[in-house]
Amino acid sequence: MAKLLYGFSCSIDGFIAGPGGDMSWLTPYLGPNPLVDELIPEIGALLVGRRTYGGDDPHRGTEGEGKAFGGGWEGPQFVLTHRPAAPAPGVTFVDNLVGAATAAKEAAGPKYVNVLGADVARQCLEAGLLDEILALPVPVLLGDGVRMFDRPGGKPIGLELVRPNWYRVV
């Protein structure tokens, strides 16, 4: 069965987006990445937070705008939200975490469900649903924005290094 993977690019100081969800900081760093190129065919579905789904796009102004991984991936997307957006092909809006994760895992089959969005990733982690984390550090310090994980008062969660930048939640 599918595993839930929180895969993300982040600044060295731990931000996945700038203030207000700005993703333009990432645009200069987009390009070939052997680890991402290896991962994309292993993704069977996306579990996306509502703010991420409707948010800024680092591929803005290119032919990859509005497409997952800049057009490098196509498949079913499950958006966790209490306020659905306009219907879109291949996108299902789900209003509860367990239902969204279950549907995404069923759609993904033996492949990964890639979790997109810090808040939905935090919810998956706290619910014991997140299996793995892939952190792709980018050589920049943003100083402010959306943290990769924000859990004020949270307790430490153990991770096991599977390979460079790739961790299993233990």
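At-a-glance table
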{"read-out": "Cβ-placed point charges (K, R +1; D, E -1), dipole of region 76-154 about Cα centre in debye, nearest 20", "value": "80 debye"}
{"read-out": "Computed [θ] at 222 nm, deg cm²/dmol, the chain (DSSP H ≥ 4; -39,500 (n - 2.57); rounded to nearest 500)", "value": "-5000 deg cm²/dmol"}
{"read-out": "Burial order of peptide ranges 39-47, 123-131, 26-34 (average beta-carbon count within 10 Å, highest first)", "value": "39-47, 123-131, 26-34"}
{"read-out": "Among Arg147, Arg50, Arg83: highest mean-square fluctuation, GNM of the chain, C-alpha pairs under 10 Å", "value": "Arg83"}
{"read-out": "Convex hull volume per residue in cubic angstrom - Cα atoms of the chain", "value": "122 Å³"}
{"read-out": "Contour minus Cα-Cα distance for Ser24 and Ala85 (0.36 nm per residue)", "value": "19.7 nm"}
{"read-out": "Computed over region 4-169: relative contact order in percent, which uses C-alpha pairs under 8 Å that are six or more apart", "value": "37 percent"}
{"read-out": "Cα-based Rg and Dmax for region 69-152, where Dmax is the largest Cα-Cα distance (Å)", "value": "14.1, 39"}
{"read-out": "Among Tyr29, Tyr112, Leu97 the positive-end extreme of the charge dipole of the chain (Cβ point charges)", "value": "Leu97"}
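Values in this text are rule-based calculations from the coordinates and carry no lab data. Since this is a predicted model, take the numbers as computed values, not measurements. Don't worry about glycine lacking a Cβ; one is built from the backbone with ideal geometry, like all the others, and counts go over all protein chains shown.
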